[in-house]
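Reviewing the structure listed below.
Read the figures in this text as sums done on the coordinates, not as results from a lab. Quick caveat: nothing in here was measured; it's all calculated off a predicted structure. All Cβ positions, glycine included, derive from the backbone under ideal geometry; neighbour counts span all protein chains shown.
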Amino acid sequence: MKSVLLIVDAIINLVLGAGLILFPAPIVEWLGIPGAEPAFYPGILGGVLFGIGIALLRERHYGTGGLGLWGALSINLCGGLVLAGWLLFGGLVLPLRGLVFLWALVAVLVGISAFEA
């Protein structure tokens, strides 16, 4: 039963995560939920949820008794890469201090992921 729950939870997190990363306006409108322009925060949340989904699949496969270090790696790396994607391709207009802060956050998240690996 635990194995089935982990797979179901992982699929939910992966689908929700991918949906929030993309956050397509037509689907948001069709669902009748508030939009976000730009979809920066939903995208970051999507990256984290996607990382949780990966961590759950890993836990299901290896059964280590918890998400542990590899779970943290998955979550940090996905969140950091989505943030980097926003900074590179999102067309964000930010003051220098915002760019410095967010790129430092990317460096911390990806750096800790590399260390965890």
In Hz, Karplus ³J(HN,Hα) per residue of region 79-86 (6.51, -1.76, 1.60; θ = phi - 60°; x = Gly, Pro): x, x, 5, 5, 4, 4, x, 4
Within a Cβ distance under 11 Å of GLU59, other residues only, what is the Lys/Arg minus Asp/Glu net charge? +2
Quick check for me: using +1 on Lys/Arg Cβ and -1 on Asp/Glu Cβ, what's the dipole size of the chain about its Cα centre, in debye to the nearest 20? 200 debye
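Is region 57-111 rounded, prolate or oblate when judged by the Cα gyration tensor, a ≥ b ≥ c being the square roots of its eigenvalues, rounded requiring a/c under 1.5 and prolate requiring a/b larger than b/c?
Note, shape of region 57-111 comes out prolate.
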Dipole-positive endmost among LEU94, ALA55, LEU45 within region 1-97 (Cβ charges, Cα centre): ALA55
For a paramagnetic label modelled at 7 Å from the Cα of ALA25 toward its Cβ, which residues of region 31-71 fall within the zone defined by backbone nitrogen distances under 13 Å? 35-39
FRET E, pair LEU16, ARG97, Förster distance 35 Å, beta-carbon r, rounded to 0.05: 0.65
When the Debye formula is applied to the Cα atoms of region 3-117, each taken as the same point scatterer, what base-10 log of I(q)/I(0) results at q = 0.13 Å⁻¹? -0.55
